[in-house]
């Protein structure tokens with residue numbers, strides 16, 4: 001099986017002051033653009049979808065943003081928004097700096113957006129997304145969220161007051177572009193004044209969990225995160241939840257399956273809850289395969305473009321201490337193939353019919369709960385599981401983040417960030433069977449306000 005995400009990271013810390021003085025936005029934008037064109041596994045497909053002239057127009061547009069006034073402050077947003085046009089959730093940016101270490105020289109160069117007391121008073125009356133918001137620690141920041149529609153953002157958050165060093169009224173705290181009616185993507189300027197790519201969610205009198213409308217009681221998230229969980233729903237139905245297929249959760253997955261080994265054999269039904277499982281590595285879900293397998297499974301393989309940078313990235317997979325010897329040996333074989341075929345597409349997973357799994361009697365029927373939060377390796381597991389005669393999917397479409405995968409990392413040329421990008425391409429695309437930005441569909445759709453576990457249990461027990 002192919003590893004879908006690279007989790008271990010090598011942190012590279014830069015001097016922010018050095019960056020501010022010597023790293024131009026135009027220079028960095030061109031570097032990232034060229035890197036993606038040469039190494040990103042989805043580039044040819046994405047460019048074809050845009051058309052060559054459409055892509056060239058996009059590049060020229062964002063090149064212009066990289067030269068605009070205050071481009072240094074907006075550079076991360078410019079590059080992030082450019083990468084958004086590839087529509088691949090495996091393409092992302094990670095910050096590599098100490099967010100608590102203030103760089104006064106950099107902060108002194110940041111722009112100030114004038115905001116009058118009259119505008120603040122007006123925003124206090126707003127019932128839209130605009131308004132005055134407090135940070136969860138109100139002594140740190142108070143911001144004005146203002147609608148400001150541009151190609152780079154739809155909303156900005158501007159400091160109204162702060163008692164933290166370096167932060168002044170009128171400094172931008174966040175810039176956000178709407179993805180749908182409430183979700184935004186953009187950048188958040190951290191404690192040190194440097195931006196970090198973030199998602200923002202507008203809710204009832206709240207923004208992104210950390211901010212709440214002035215004068216309103218902040219909402220607290222319900223429940224707590226559980227890596228794995230299990231319980232009996234009835235004499236007929238067992239429930240198992242797996243929140244992540246990350247390598248760090250592999251031992252927990254093995255443990256919950258061992259603890260429930262007898263129950264899995266003797267209980268006729270299983271509800272496997274994979275909601276919001278964003279993936280990880282394929283080998284972590286391998287203990288589940290025998291439980292869902294009923295008949296030979298058709299598997300479509302993936303290919304990697306063997307560039308020097310992609311080879312470097314794959315070698316970093318071997319630094320993962322959570323990875324098994326078998327997995328590392330497989331990766332070493334892939335790296336050898338790439339080194340022997342530089343400049344070519346290399347098949348690292350052949351198309352095959354998989355039949356070397358045990359056909360277990362129990363559980364006899366399985367409902368897998370899925371939603372938009374299921375992505376990457378979780379979707380790879382679901383492609384296997386949906387070919388089983390005893391598996392039903394219930395819920396909502398998955399993320400659709402798998403056609404381009406096997407994420408690897410590379411540092412920016414001079415800014416303190418790391419680019420994460422897909423190094424492999426599924427050959428499902430050649431069969432018009434891609435799932436990116438579509439997702440895997442459930443057999444039965446469920447509404448968000450329904451009790452999904454109750455619905456799954458009723459379905460399995462024919463209540």
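Couple of notes before you dig in:
- Restricting region 331-363 to residues that are without any contact (Cβ under 8 Å) to a residue 12 or more places away in the chain and in a helix (DSSP H, G or I), the residue that is nearest to residue 36 (Cα to Cα): 336
- Within region 289-297, not a single residue is in a loop (DSSP other than H, G, I, E, B) and closer than 21 Å to residue 403 by Cα.
- When region 130-143 is limited to residues that are under 28 Å from the mean Cα position of the chain (by Cα) and in a loop (DSSP other than H, G, I, E, B), the one that is nearest to residue 176 (Cα to Cα) turns out to be 130.
- Residue-level check: of (1) at pLDDT 95 or above; (2) loosely packed, with under 14 Cβ neighbours inside 10 Å; (3) in a loop (DSSP other than H, G, I, E, B), residue 127 misses just (1).
- Count of region 80-96 residues, restricted to those that are farther than 26 Å from residue 144 by Cβ and not in a loop (DSSP other than H, G, I, E, B), is 5.
- Of all residues in region 144-159, those satisfying the criterion of being under 27 Å from the mean Cα position of the chain (by Cα) and under 9 Å from residue 173 (Cβ atoms) are 156, 157, 158.
- Of the strands (runs of 3 or more DSSP E) that lie entirely inside region 163-218, those containing 1 or more residues that are within 24 Å of the chain's Cα centre (by Cα) and at pLDDT 95 or above span 172-178, 183-189, 195-203.
- Criterion: free of Cβ contacts under 8 Å to residues at least 60 places away in the same chain, in a loop (DSSP other than H, G, I, E, B) and closer than 23 Å to residue 177 by Cβ - qualifying residue of 99, 49, 68: 68
- Filter result for the condition that a residue is in contact (Cβ under 8 Å) with a residue 60 or more places away in the chain and farther than 28 Å from residue 439 by Cβ, over 261, 308, 214: 214
- Members of region 410-463 found to be part of a helix (DSSP H, G or I), touching a residue at least 60 places away in the same chain (Cβ under 8 Å) and under 23 Å from residue 381 (Cβ atoms), listed by number: 427, 428, 429, 431, 452, 453, 455, 456, 457, 459, 460
- Residue within region 426-446 that is surrounded by 19 or more Cβ atoms within 10 Å (Cβ to Cβ), under 19 Å from residue 86 (Cβ atoms) and in contact with a strand residue (DSSP E or B) (Cβ under 6 Å, 6 or more places away or on another chain) present: yes
- Annotation note: Cβ proximity below 7 Å between a residue of region 153-179 that is on the phi > 0 side of the Ramachandran plot and surrounded by fewer than 20 Cβ atoms within 10 Å (Cβ to Cβ) and a residue that is in a strand (DSSP E or B) and modelled with pLDDT of 95 or more (sequence gap 6+ or interchain) occurs for 170/158; 170/159.
Okay, residues lined up against (1) farther than 28 Å from residue 440 by Cα; (2) surrounded by fewer than 16 Cβ atoms within 10 Å (Cβ to Cβ):
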{"position": "240", "(1), (2)": "no, no"}
{"position": "254", "(1), (2)": "no, yes"}
{"position": "258", "(1), (2)": "yes, yes"}
{"position": "267", "(1), (2)": "no, no"}
{"position": "272", "(1), (2)": "no, no"}
{"position": "279", "(1), (2)": "no, no"}
{"position": "292", "(1), (2)": "no, no"}
{"position": "297", "(1), (2)": "no, no"}
{"position": "318", "(1), (2)": "yes, yes"}
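- One residue alone among 199, 193 is buried (at least 18 other Cβ atoms within 10 Å of the Cβ) and under 30 Å from residue 141 (Cβ atoms), and that residue is 193.
- Residue 454 fulfils the conditions (1) at pLDDT 95 or above; (2) surrounded by fewer than 21 Cβ atoms within 10 Å (Cβ to Cβ); (3) under 25 Å from residue 297 (Cα atoms) except for a single criterion, (3).
The values are calculated or read from the model by the stated rules, or taken from the named source; none is laboratory data. Since we're looking at a predicted model, the values are computed, not measured. No Cβ is skipped: glycine too gets one built from the backbone with ideal geometry, and neighbour counts run over all protein chains shown.
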